[in-house]
1. Tell me, what is the FRET efficiency for ARG90 and GLN223 to the nearest 0.05, using R0 = 41 angstrom and their Cβ-Cβ distance as r?
2. Report the extension gain between TYR42 and ASP243 in nm, rounded to one decimal, defined as 0.36 nm multiplied by the number of residues separating them, less their alpha carbon distance.
3. Leaving out ligands and nucleic acids, and using a 1.4 Å probe, what accessible area per residue does the chain come to in Å²?
4. Take peptides 28-37, 7-16 and line them up by average Cβ neighbours within 10 Å, highest first, as a rough protection proxy.
5. At q = 0.07, 0.08, 0.11, 0.14 Å⁻¹, what is the base-10 log of I(q)/I(0) for the chain according to the Debye formula with one equal point scatterer per Cα and no solvent? Please give it to two decimals.
6. Given points 7 Å out from each Cα along the Cα-Cβ axis, report the ASP127 to ALA101 separation in nanometres with one decimal.
7. For the stretch 52-115, which GluC sites (Glu not before Pro) are both in a DSSP coil and crowded by at most 15 other Cβ atoms within 10 Å?
8. Strictly greater than 24 Å: what percent of every Cα pair in the stretch 91-187 meets that?
Amino acid sequence: MATHFDPGAAAGADSGIFGLPHAPEEAHVVLVPVPFEATTSYGGGTSEGPAAVLQASRQVDLFDVETGRPYERGIALLPESEELRAWNTRAKERAQVVIEAGGVNPSQPELQAAADEVNQLCEKMNDTVYRATKHWLGQGKRVGAVGGDHSISYGIIQAHAEKYPGMGVLHLDAHADLRNAYEGFTWSHASIMYNVVKRIPGVKSLVQVSVRDMSEEENQVIQDSQGRIRSYFDATLQQRRFDGVPWNRQVDEIISHLPEHVYLSFDIDGLDPVLCPHTGTPVPGGLSFPEAIALLSGVVRSGRTIVGFDLTEVAPDPEGGEWDGNVGARLLYKMIGWMLKSQRA
């Protein structure tokens with residue numbers, strides 16, 4: 001860290017993530033921004049998530065009462081890729097044709113052609129995120145991704161599963177994301193965890209928390225997984241809380257199904273939508289901010305190690321409000337802090 005850096009001073013408007021001065025080469029934690037939301041089918045805007053989180057992060061105080069001084073290890077956000085932005089613009093344009101038609105239709109080859117182009121652009125995005133993650137992991141860094149919609153998580157999960165075979169994914173989300181090629185898009189945001197469990201054998205287990213909106217087919221995927229996928233539905237978690245079961249005891253049970261190495265895949269809509277009102281597919285219910293942080297601390301309390309993470313679906317207020325970015329930035333800092341603390345425990 002630069003010797004002149006004062007963690008208590010106000011952050012400059014052009015400073016790095018959380019107002020920090022670190023270059024990626026000197027930081028221990030490298031964040032990959034992925035401004036991509038090609039297949040969002042309801043609300044949009046999450047391609048602006050990385051920029052909103054960056055802007056809001058400069059207001060976050062760097063001392064954290066739970067995790068200490070995460071910033072001391074160095075945290076850097078890579079520059080956004082203009083190529084990724086261009087792919088996103090083209091993919092959104094082509095995807096909209098399919099979405100407005102209600103999905104692909106065998107009798108309309110032009111829809112399949114559009115979906116095929118979107119799938120190809122998503123594959124390019126996946127490869128870009130995978131290669132960036134693999135590069136920085138190879139440099140001994142801890143790597144996180146900031147989306148973007150939830151489809152951006154595939155490449156970073158793939159790279160971590162190669163480095164930590166047998167790892168588990170702790171998935172906070174309002175949705176199960178277990179649809180097979182939703183609307184004809186292989187790499188749909190609604191298909192991310194289906195693709196993870198079907199295509200990445202290095203992921204031993206998927207534990208989902210706060211799910212409260214899913215299809216019958218997705219429920220069948222869970223039932224057929226022979227325990228590889230465990231979903232803690234929001235309704236069940238809340239009912240147990242109403243019955244007097246302390247949240248930390250529920251967390252202990254959730255974490256017990258994860259292996260030693262844990263990857264976090266957090267969709268902001270897993271939280272109560274009061275905390276993320278402009279996310280693309282908000283659903284009533286969800287975790288409070290303290291409950292989400294208790295989930296993180298529970299991983300560390302159990303002795304497990306958080307190896308990497310992604311934070312997705314943060315979408316800024318189109319009217320300019322900063323609440324969504326504020327919550328996203330604070331959740332991001334907590335994820336980083338608990339990840340670092342897990343490696344020292």
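1. Result of the calculation: an efficiency of 0.60.
2. 68.9 nm
3. Counting only protein heavy atoms, the per-residue value for the chain is 41 Å².
4. 28-37, 7-16
5. -0.26, -0.34, -0.67, -1.12
6. 2.6
7. GLU66
8. Percent of Cα pairs beyond 24 Å in the stretch 91-187: 33.
The values are calculated or read from the model by the stated rules, or taken from the named source; none is laboratory data. Just so it is clear, the structure is predicted and the values come from calculations on it, not from any experiment. Here the Cβ is made from the backbone with ideal geometry for all residues, glycine too, and neighbour counts use every protein chain on show. For the accessible areas, the whole protein counts, side chains as well, though only heavy atoms, and no ligand, DNA or RNA atoms are used. Shrake-Rupley method; radii C 1.70, N 1.55, O 1.52, S 1.80 Å.
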